[in-house]
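Novice: This is the structure I want to talk about, given as structure tokens.
The values are calculated or read from the model by the stated rules, or taken from the named source; none is laboratory data. Keep in mind that what you see is a predicted model, and the values were worked out from it rather than measured. We place every Cβ from the backbone using ideal geometry, glycine too, and count neighbours over all the protein chains shown. What goes into the accessible areas is simple: the full protein's heavy atoms, side chains included, and nothing from ligands, DNA or RNA. Shrake-Rupley method; radii C 1.70, N 1.55, O 1.52, S 1.80 Å.
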Amino acid sequence: GVAFLKDEDPSTFWHSDYSNSYSDGTSGKKKGQDGLQCFMVDMAEVCSFDRITYAGRSNGGNNWATKVRVYAFEELPSGWPKDGDTYKALSALSYTEKEDLLKKDDNTVLGTPIFDNNDAAWASDQNIKTIDFTEAKSGRYILFVADATSSTNGYLTCSDFHVWQKLDGIVADKPYFLK
């Protein structure tokens, strides 16, 4: 699970779901062929941050994010899919809900990403990728969305994900723990 993103062990990793169907039967597509893959971290409280770093699985040679959008929310957007009064977890979304939520064009649910590198894709390799913000960002929930068809086989991995905060003008590792 997402717990592997915070264990400081590059040999462990999070991997997008690779089962072949959605539990509600909303799509005949396999999960890994949806085109978009994502994970969300809960910082447990709203925090300020200046940098995010990401590294794909340290071995295996594929499934590294290259085209990425990152969103930060103090609370989940009002248009986030719900089951009654409860917001659905990403893993509980149907194909249609996921496609509607993560689409880039005319997306009024997620709003504007705090980072989008569609015009300058990262190299498809195991090196750590760094996102530096000129002005501090804030949020409790950080949603990392990758175009999983641009240089992978439709899946996404992550072996390292950190959120950083400036302390006395120097970017230092976050004082927060991911849930």
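Novice: Kindly indicate the residue of the range 113-139 that is of a type outside the set (A, V, I, L, M, F, W, C), under 14 Å from Arg69 (Cα atoms) and in a strand (DSSP E or B) and also most open to solvent (accessible area, probe 1.4 Å) among those meeting that condition.
Specialist: Per the stated criteria, the residue is Asp132.
Novice: Considering only residues of the range 95-112 that are of a type outside the set (D, E, K, R) and touching a Ser or Thr at 6+ places or on another chain (Cβ under 9 Å), which is farthest from Trp64 (Cα to Cα)?
Specialist: Restricting to residues being of a type outside the set (D, E, K, R) and touching a Ser or Thr at 6+ places or on another chain (Cβ under 9 Å), the top hit is Val109.
Novice: A further question follows. What residue, among those in the range 32-85 that are among the basic types (Lys, Arg) and under 13 Å from the mean Cα position of the chain (by Cα), is modelled with the lowest pLDDT?
Specialist: Lys67
Novice: Right, next: Of all residues in the range 90-107, which are closer than 15 Å to Leu143 by Cβ, open to solvent by 60 Å² or more (accessible area, probe 1.4 Å) and assigned to a loop (DSSP other than H, G, I, E, B)?
Specialist: Those that are closer than 15 Å to Leu143 by Cβ, open to solvent by 60 Å² or more (accessible area, probe 1.4 Å) and assigned to a loop (DSSP other than H, G, I, E, B): Lys103, Lys104.
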